[in-house]
Amino acid sequence: MKRILLAFAVLGLCIGWSQEKKRLVPNTLTAEEQRQGFELLFDGKSLEKFDVAPGQEKIFLVVDGAIKTDSSGTGGTLLTKDNYANFILKAEFRANPAINSGIMLRNPRPRPPAPEAKSTKTGGVGQGYELQIRDKDPGNYSGGSFLTGSIVNVGKAPADAKIKPGEWNTVECTMEKDHIVVIYNGQKVVDGHDSKLTNGAIGLQLAHPEDARGADIEFRNLKVRRLP
């Protein structure tokens, strides 16, 4: 009897370990997340959920199961193909502390060129809500005093909301009508209201790489759940 009980105990531990291992696999949904209605924005292999504009394939690369930037060239913003109005976004990032990056929320689409324009390039991209990923205020950019974890021009995160170098930092952002909440590394850092934007793309940003060549960022576990 003791041997049978021991065998069941070992089997239970193995099943639990297997479930925990599956839960921790990057770029997958847990059973609970599936039940809640989350979807993956990145499967660890391709950028099929994003609009990759010409040239962006050199800025945003898929490397070892993450979307990694290349700061040797120009910056840019990688936008999702779908728009999201009310949602919960989960993400992880690992970055050089000198990075100037962000996650864009409800970001407008690029404007088409004017009919009389000779260029075939699209127009500029309007600014969405920016969840800042930058520890230092460069002093010469708009929103410079809104640092990591902040929503630019909406709410400032506490001063201790820093990038943990060499580690995966976690972000959870809830956009529900005019209410914006950010949880950064398990701490609520923003709880604010703003009604300027109601819908748009989710974006990954690499800003001003010329200020810190070699300061790159990786994103993974990008998950979104639409809210009513």
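The values are calculated or read from the model by the stated rules, or taken from the named source; none is laboratory data. Note that the structure is predicted; figures quoted are calculated from it, not measured. As a convention, Cβ positions derive from the backbone with ideal geometry for all residues, glycine included, and neighbour counts pool all protein chains shown.
Of note:
- Restricting the stretch 198-221 to residues that are of a type in the set (Gly, Ala, Ser) and in contact with a Leu (Cβ under 6 Å, 6 or more places away or on another chain) leaves a set whose member that is surrounded by the fewest Cβ atoms within 10 Å (Cβ to Cβ) is Gly203.
- Residue match in the stretch 159-174 (condition: within 18 Å of Gln127 (Cα to Cα) and touching a residue at least 12 places away in the same chain (Cβ under 8 Å)): yes
- Residue match in the stretch 39-62 (condition: over 19 Å from Leu206 (Cβ atoms) and in contact with a Leu (Cβ under 7 Å, 6 or more places away or on another chain)): yes
- Test result for Val125, modelled with pLDDT under 95 and surrounded by 17 or more Cβ atoms within 10 Å (Cβ to Cβ): yes
Residue-wise test of (1) part of a loop (DSSP other than H, G, I, E, B); (2) touching a helix residue (DSSP H, G or I) at 6+ places or on another chain (Cβ under 9 Å); (3) touching a residue at least 60 places away in the same chain (Cβ under 8 Å); (4) buried (at least 19 other Cβ atoms within 10 Å of the Cβ).
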| site | (1), (2), (3), (4) |
| --- | --- |
| Leu61 | no, no, no, no |
| Ile67 | no, no, yes, yes |
| Thr74 | yes, yes, yes, no |
| Phe93 | no, no, yes, yes |
| Pro97 | yes, no, yes, no |
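- Flag: Phe38 does not match the condition of being within 25 Å of His208 (Cα to Cα) and in contact (Cβ under 8 Å) with a residue 12 or more places away in the chain.
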